[in-house]
1. Looking for whichever is under 16 Å from Gly46 (Cβ atoms), surrounded by 17 or more Cβ atoms within 10 Å (Cβ to Cβ), within 19 Å of the chain's Cα centre (by Cα) and at pLDDT 90 or above here; the options are Val250, Val213. Which one fits?
2. Identify the residue in region 41-57 that is in contact (Cβ under 8 Å) with a residue 60 or more places away in the chain and in contact with a helix residue (DSSP H, G or I) (Cβ under 7 Å, 6 or more places away or on another chain) and, among all such residues, is farthest from Gly239 (Cα to Cα).
3. Right, Arg138: modelled with pLDDT of 90 or more and in a helix (DSSP H, G or I) or not?
4. Within region 222-238, how many residues turn out to be over 11 Å from Val39 (Cα atoms) and away from the ligand (no atom under 13 Å from the Cβ)?
5. Every residue in region 227-244 that is open to solvent by 50 Å² or more (accessible area, probe 1.4 Å) and either at pLDDT below 90 or closer than 11 Å to Ile40 by Cα (or both), please.
6. Taking only region 137-156 into account, find how many residues are in contact (Cβ under 8 Å) with a residue 12 or more places away in the chain, surrounded by fewer than 18 Cβ atoms within 10 Å (Cβ to Cβ) and within 22 Å of the chain's Cα centre (by Cα).
7. In region 74-94, which residues are open to solvent by 80 Å² or more (accessible area, probe 1.4 Å) and either touching a Leu at 6+ places or on another chain (Cβ under 7 Å) or within 15 Å of the ligand (Cβ to nearest atom) (or both)?
8. Taking the condition of a type in the set (Asp, Glu) and in the same structural domain as Met221 (by TED's automatic domain parsing), does Glu191 pass?
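The values are calculated or read from the model by the stated rules, or taken from the named source; none is laboratory data. Everything numeric here is computed off the predicted structure, so don't read it as measured data. Cβ atoms come from the backbone with ideal geometry, glycine included; neighbour counts cover every protein chain shown. Note: areas computed on protein heavy atoms with side chains; ligands, DNA, RNA excluded. Shrake-Rupley method; radii C 1.70, N 1.55, O 1.52, S 1.80 Å.
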Amino acid sequence: MSETRADLLEVEDLSLSFAGVKAIDGVSFSIAEGELFSVIGPNGAGKSSLFNCISGVYAPQSGSVRFAGEEILGMPAHKIAKKGIARTFQNVEVFPAMTVLDNLLLSRHNAMRAGALENMLWLGRSAREEKAAVEKVREVAALMQIEHLADIPVGSLPHGTQKRIELARALAMEPRLIMLDEPVAGMNHDETAEMTETIVQVNRDLGVAILLVEHDMKMVMGISNRVCVLNFGQRIALGKPAEVIRDEEVVAAYLGAA
Ligand SMILES: Nc1ncnc2c1ncn2[C@@H]1O[C@H](COP(=O)(O)OP(=O)(O)OP(=O)(O)O)[C@@H](O)[C@H]1O
């Protein structure tokens, strides 16, 4: 990764409390355009809270989150998504009764269109526009190697495949940043290896920046450009994987949590 790339996401002095419990305590970091950046930390360190602040689900008490130079803190989640930040969830969030193709199309329409009703009914869309949308989501499906499943209801597919579909839904929005919340959780060895390769491919070939939260340390250390470590809501380390893994405070935090 070049060191000269511009910052895409800038998180500054972010703090979030729940009834006196500091879930995030003055955290700052930035992610460069096209970077693969991971956030790790023991259980309860604040990783999910951080995700939820950036994507507009939680409203932190203080701090700033800028995306492509624009303050996004306080914006509703759907507006943040439209700005170019897509996310996946710890638990698979797909529409199980809908086909793979329709799941991808709906995600794309939600990102591109204005009104919710119009999204649902696809009103006023020209046939050409619709054709372009189908072409785009088929392209994404091919990249994610789920093209052959296009007409199958998502709910009937295995967990690992549903996780891939969730990532494909995020990609269908053509984001500049994808936030992945434990993308290999619950996957077996082969599924994990496949998903890891896909994440690297999406980052490298599409140039999409990735913010990854994951407990699988081997995966994180193997693919990240930089890693940020949280403990009790605070940033205790930030750097290249080889630096972070040797950091005394990081080692102590993980041993303490073991
Ligand atoms: N909705 C909430 N209400 C109250 N406290 C919360 C809420 N969400 C998180 N917390 C608290 O904030 C702290 C950080 O939690 P968070 O879920 O962000 O950690 P995490 O690093 O994602 O943990 P895990 O790895 O277990 O998912 C914890 O002390 C947690 O109990």
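1. Val213
2. Ranking the candidates gives Ser55 first.
3. Details: modelled with pLDDT of 90 or more: yes; in a helix (DSSP H, G or I): yes.
Yes, satisfied.
4. 3
5. Arg235, Leu238
6. Within region 137-156, residues that are in contact (Cβ under 8 Å) with a residue 12 or more places away in the chain, surrounded by fewer than 18 Cβ atoms within 10 Å (Cβ to Cβ) and within 22 Å of the chain's Cα centre (by Cα) number 4.
7. Hit for region 74-94 is Asn91, nothing else.
8. On the way: of a type in the set (Asp, Glu): yes; in the same structural domain as Met221 (by TED's automatic domain parsing): yes.
Taking the combined requirement at face value, the residue satisfies it.
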